[in-house]
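Data first, discussion second: the structure below is written as structure tokens.
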Amino acid sequence: MNLSVLLVCFTFFSFIVSLSSDTDAIFIAPVIFLAVLNFKNLFEILKSVLKLNIFIILVVLSLVLYEEYALAKLIFIRSNLIILFGRLAFYRSDYFSIALAVSSLNLGDKLTAIFYFSAKFTADLKTIFLRLKKTLKVRGFEPKASLFTYKIYANLVAMLFLEAFYKASMLEKTFVCRGFDGKLYGDKSLKIGAKDAVIIALTACCYIFSLGVTI
């Protein structure tokens, strides 16, 4: 499927779901369609969604304690619909392919470059964090409610900032040497296939029938 189409649909779907007055049954249709397309990887995707639900569950539990059951249900369903759509749509898509998808939408070279470098540095920082985490585990570090643990975490955050600054500096020098003009080059044609047309139609239906039967 065309990533540019998925980006647009995901953006509209997120706004529709989050701003709608009710949680409509039609909202599940695009998610089911994407789930069918990603059936082979569905288990891995659901596992990643389950990890993302940790924060959502904490929010929901806090609302349940105040007996805000309707609001808790609403937040849980809407959050998971948006997360599922995003994970199913962009599963195995790297930051460069998504940046090219943004470029295909002709939103401007600066916006595309900002998106690309932000995504790249986020991925790099994640890699650095996982490496440091493994290093602490190998050295037998066990987190506790102590001053020593807080110092270790503070050093970890400082190292992440220093690594990010160093990588940014080296990347700037690399692009200056290569004569980077602020543009990302690649296939920017916006081709819409049958699957893209279906997801566009389903996303449109979410908006058109947003006043339908609620769940």
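Taking K and R as +1 and D and E as -1, what net charge do the other residues with C-beta under 14 Å from the C-beta of TYR207 add up to?
On the way: positive: none; negative: ASP22, ASP24.
With Lys, Arg at +1 and Asp, Glu at -1, the net is -2.
Between the entries [x] 16.7, 48; [y] 21.1, 60; [z] 22.1, 88, the label attached to Rg and Dmax of the Cα atoms in Å calculated for this structure is [y].
Each of VAL59 and SER18 was given a label point 7 Å from its Cα along the Cα-to-Cβ line. The distance between the two points is 0.9 nm. Label sites at SER118 and ALA145, each approximated as a point 7 angstrom past Cα along Cα to Cβ, lie 3.7 nm apart. Full extension of the chain between LEU71 and SER48 yields a length gain of 5.8 nm, computed as 0.36 nm times the residue separation minus the alpha carbon distance. Helices in the chain, meaning DSSP H runs of at least 4 residues, each add -39500 (n - 2.57). Divided by all residues, the mean residue ellipticity at 222 nm is -25500 deg cm²/dmol.
The accessible-area ordering, largest first, of the residues CYS205, CYS9 stands as CYS205, CYS9, per a 1.4 angstrom probe. In a fully extended conformation the segment linking ALA204 and TYR166 would gain 9.2 nm over its present Cα-Cα distance, using 0.36 nm per residue. Label the range 29-87 by shape, choosing from rounded, prolate and oblate, from the square roots a ≥ b ≥ c of the eigenvalues of the Cα gyration tensor; if a/c is under 1.5 it is rounded, and otherwise prolate applies when a/b is larger than b/c, oblate when it is not. Prolate. In the structure shown, the pairs LYS51/LYS151; LYS51/LYS120; LYS51/LYS134; LYS47/LYS126; LYS110/LYS195; LYS51/LYS144 are assessed against 25 Å; a Cα-Cα span above that value is assigned to LYS51/LYS151; LYS110/LYS195. Overall dimensions of the range 95-150, expressed as equivalent-ellipsoid semi-axes from the Cα gyration tensor (√(5λ), whole Å, largest first), are 38, 11, 6.
How much net charge surrounds ASN2 when only the other residues with a Cβ under 10 Å from the Cβ of ASN2 are counted, with Lys and Arg +1 and Asp and Glu -1?
Values: positive: LYS191, LYS195; negative: ASP196.
Overall, the nearby charge balance is +1.
The values are calculated or read from the model by the stated rules, or taken from the named source; none is laboratory data. No experiment lies behind these values; they were computed from the predicted model shown. FYI the Cβ positions are ideal-geometry reconstructions off the backbone, even for glycines, and counts take in every protein chain you see. The accessibility values were calculated without ligands, DNA or RNA, using every heavy atom of the protein model including side chains. Shrake-Rupley method; radii C 1.70, N 1.55, O 1.52, S 1.80 Å.
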